[in-house]
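The values are calculated or read from the model by the stated rules, or taken from the named source; none is laboratory data. Every value quoted in this text rests on a predicted model; they were computed, and no experiment measured them. Every residue, glycine as well, gets a Cβ built from its backbone with ideal geometry; the counts of neighbours run over all protein chains shown. To get the accessible areas, we keep the full protein, side chains included, count just its heavy atoms, and leave off ligands, DNA and RNA. Shrake-Rupley method; radii C 1.70, N 1.55, O 1.52, S 1.80 Å.
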Protein chains: 2
Amino acid sequence: MVEPGSAAAWRNAVAQAAATSDENALELVELFFFAYRDFVGDADRLLGKYGFGRAHHRVLHFVNRRPGLTIAALLDILRITKQSLNRVLKQLLDAGFVEARAGVVDRRQRLLYTTAEGARLARDLAALQSARFLKVMDELPPVARGAASEFLFAMIDPEERERVRAHLACAKMAREAP
Amino acid sequence: MVEPGSAAAWRNAVAQAAATSDENALELVELFFFAYRDFVGDADRLLGKYGFGRAHHRVLHFVNRRPGLTIAALLDILRITKQSLNRVLKQLLDAGFVEARAGVVDRRQRLLYTTAEGARLARDLAALQSARFLKVMDELPPVARGAASEFLFAMIDPEERERVRAHLACAKMAREAP
DNA sequence: TATTTACGTCAACTATATTGACATAAATCT
DNA sequence: AGATTTATGTCAATATAGTTGACGTAAATA
C-alpha cells in the first residue's frame with residue numbers, strides 16, 4: 001500500500017494518468033479506423049453500381065467541388081502519381097462524368113469539370129456521406145458539434161493545414177458564385 | 001429583393017440554412033479525408049523499414065491489442081477474406097512478429113499473439129499515432145477534448161457500435177490484466 | 001457415423017498504386 | 001528565334017491488397 005500524499009503515491013498517479021491517456025489515445029486510433037471504414041463503405045456500394053471505385057470517387061468529388069481544377073492541382077490533393085490518376089481520369093472522361101477543357105490563360109493545362117451526369121453522381125455520393133455527418137451532429141450534444149471540424153482539422157499535418165484551408169475556401173467560393 | 005418577414009424571405013432563410021449545413025457537412029467529408037490521409041501516413045513510413053504495409057499494420061495492431069484473437073474474430077474486424085488475411089498473416093508469422101497457438105478449448109482455432117518483437121513494433125506504431133492524438137488534444141480547447149471520441153463513435157454504423165464497444169472493452173481488459 | 005466448423009491453400013483475377021523512360025505542345029527565358 | 005522549362009500524356013513493368021471459387025483437413029458436434 002502506498003501512503004497518500006507520499007512521493008510514491010504521486011508517481012503512481014502520474015503513471016496512471018499517462019497509462020490512461022495512452023489508453024484513450026489507443027482507443028481513438030481504433031475508433032478512427034472503424035469510423036473511416038464505415039464512412040467510405042456508404043459510398044462504395046453506390047460506386048459499385050457504376051463500375052467505379054474509391055479512386056474514381058475522389059477524383060469526381062474534388063473536380064465537382066472545385067470546377068476548373070487542373071491536373072497538377074488534383075495530383076497535389078490526391079498525392080498520387082500522374083500515371084495512376086490518368087487511368088482513373090480517362091475512365092471518367094470516357095464515361096462522360098468529367099470533361100476537360102483547355103486552359104484559357106495557359107493552353108497546356110486541362111481544366112476539369114464534371115458533366116451534368118458527373119455532378120449528379122457526385123451529389124448523390126456526397127449526400128450519402130453528408131447524411132452520416134448530419135445524423136452524427138444530430139446525435140451529438142450541441143457543445144460537441146463544433147468540435148468535430150476543429151478536431152479533424154487538428155488531425156491534419158500542421159504544414160498541410162494552410163493548403164487544406166485554401167482548398168476549402170476555394171471550394172466554398174466555387175459553390176457560392178458558380 | 002425579398003421583403004423581410006415575407007413567406008419568400010422565410011423560404012430563402014431555410015434554403016440558406018440547408019445549404020450551409022450541407023456545406024458544413026461537405027467540409028467535414030473533406031476534412032475527414034485529409035485527416036485520415038495524414039493519420040495513416042505516420043505509420044506507413046515506419047512500416048516501410050520492415051517491408052510491411054498497412055495490411056500488416058492492421059493485423060499486428062489488433063492481435064497485439066487483443067491477445068489470443070482467433071482468425072475468425074480477426075476476419076470479422078478487418079472485413080476481408082481469409083485468403084487475403086492469410087497472405088499477410090503468414091508473412092508476419094514467418095518474420096516472427098506474430099505467433100499462433102492451438103486453442104485450448106477448441107483445438108481447431110489458432111489463437112494469435114504478438115511475439116516480443118511484434119509487440120515492440122506494434123507499440124512503436126501505436127506511439128506514432130497516439131502522439132498525433134495527444135498533440136491534437138493538447139491543441140484543442142478542453143471542452144472539445146471529450147467530443148472527439150464521442151464524434152468518432154457516432155460515425156460508426158449504429159448496428160456496428162455494440163461490436164466495437166465490446167472489442168474496446170476486451171482490449172482494455174487484456175491491457176489491465178495481462 | 002455423419003455433418004458441421006475453423007482454418008489452410010491453390011489459382012485466377014481486379015483495383016490501385018508505384019518507378020522509369022520517353023513524347024508533345026505550349027509557355028517562357030535569353 | 002532558338003533553347004529550355006512546364007503541363008500533360010503514355011508505354012511498360014512491378015507491387016500491394018483485395019476479390020471469387022474450388023478443394024482439403026482436422027477437430028468438434030449432432
**OP:** Read phi for every residue in segment B:136-145 and hand back ³J(HN,Hα) as whole Hz from Karplus 6.51 cos²θ - 1.76 cosθ + 1.60, θ = phi - 60°, with x for Gly and Pro.
**Re:** 4, 5, 6, 6, 6, x, x, 5, 8, 5
Original post:
Distance from the Cα centre of segment B:135-178 to that of segment A:39-74, in angstrom?
Top reply: 29 Å
Subject >> Spin-label pair A:Asp138/B:Arg45, simplified geometry with 7 Å Cα→Cβ offset, distance in nm >> reply: 4.2 nm
Original post:
So what is the 222 nm mean residue ellipticity for chain A from helices alone, if each DSSP H run of at least 4 adds -39500 (n - 2.57) and you divide by all residues, rounding to the nearest 500 deg cm²/dmol?
Top reply: -25500 deg cm²/dmol
Original post:
If A:Val143, A:Val164 are ordered by their accessible area, calculated over protein heavy atoms with a 1.4 Å probe, which sequence runs from highest to lowest?
Top reply: A:Val143, A:Val164
**OP:** Select the chain B residue whose beta carbon lies nearest to the rotation axis carrying chain B onto chain A, and write the distance in whole Å.
**Re:** B:Ala147, 2
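Where the eigenvalues come from the Cα gyration tensor of the protein assembly as shown, what are the semi-axes √(5λ) of the equivalent ellipsoid, largest first, in whole Å? Intermediate values should be presented prior to the final figure.
Numbers: eigenvalues 326, 146, 74 Å².
After diagonalising the Cα gyration tensor, the semi-axes are 40, 27, 19 Å.
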**OP:** Find every distance from the label point of A:Asp76 to the corresponding label point in the other copies (7 Å from Cα along Cα→Cβ) and write them in nm, one decimal, shortest first.
**Re:** 4.7
Subject >> Buried solvent-accessible surface, both chains (B, A), 1.4 Å probe, Å² to nearest 100 >> reply: 6100 Å²
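Is segment B:41-139 best put as rounded, prolate or oblate by its Cα gyration tensor, with a ≥ b ≥ c the root eigenvalues, rounded for a/c under 1.5, and otherwise prolate when a/b is larger than b/c, oblate when not? Spell out each step's value before the answer.
On the way: a/c = 1.96, a/b = 1.75, b/c = 1.12.
Cα axes put segment B:41-139 in the prolate bin.
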Original post:
Could you give the accessible area per residue of segment B:41-139, probe 1.4 Å, as a whole number in Å²?
Top reply: 54 Å²
**OP:** Towards the positive end of the charge dipole of segment B:86-175, with charges on Cβ (+1 Lys, Arg; -1 Asp, Glu), say which of B:Phe153, B:Met137, B:Val164 has the farthest Cα.
**Re:** B:Val164
**OP:** Once the label point is placed 7 Å from Cα along Cβ, list for B:Gly51 the distances to the corresponding points in the other copies, in nm, shortest first.
**Re:** 3.9
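What FRET efficiency, computed as 1/(1 + (r/R0)^6) with R0 = 45 Å and r the Cβ-Cβ distance, is obtained for B:Arg161 and A:Glu99, rounded to the nearest 0.05?
Numbers: r = 42 Å, r/R0 = 0.93.
In this case the efficiency is close to 0.60.
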**OP:** Could you pull out every residue, at least 5 positions away or on a different chain, whose amide H is within less than 5 Å of the one on A:Val98? Hs are placed 1.01 Å off N in the peptide plane, and Pro or chain starts have none.
**Re:** A:Leu93, A:Thr115
Subject >> Distances in nm from B:Glu160 to the matching label points in the other copies, shortest first (labels 7 Å along Cα to Cβ) >> reply: 2.1
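Roughly speaking, to the nearest percent, how much of the protein assembly as shown's 1.4 Å accessible area is carbon and sulfur? If you can, show how the numbers build up before the last one.
On the way: 10630 of 19180 Å².
Of all accessible area on the protein assembly as shown, carbon and sulfur atoms account for 55 percent.
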Original post:
So which lysines pass the test for A:Lys82, namely a Cα distance under 29 Å, with those fewer than 8 places away in the same chain ruled out?
Top reply: A:Lys49, A:Lys90, A:Lys172, B:Lys49
Original post:
In a Debye calculation with equal point scatterers on the alpha-carbon sites of chain A and no solvent, what is log10 I(q)/I(0) at q = 0.08, 0.14, 0.16, 0.20 Å⁻¹?
Top reply: -0.38, -0.90, -1.12, -1.51
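So which trypsin sites (Lys or Arg not before Pro) in segment A:50-116 pass both tests, a DSSP loop state and at most 16 other Cβ atoms within 10 Å of the Cβ?
Working: sites: A:Arg54, A:Arg58, A:Arg65, A:Arg79, A:Lys82, A:Arg87, A:Lys90, A:Arg101, A:Arg107, A:Arg108, A:Arg110; in loops: A:Arg79, A:Arg107, A:Arg108.
Sparse-neighbourhood loop trypsin sites (Lys or Arg not before Pro): A:Arg79, A:Arg107, A:Arg108.
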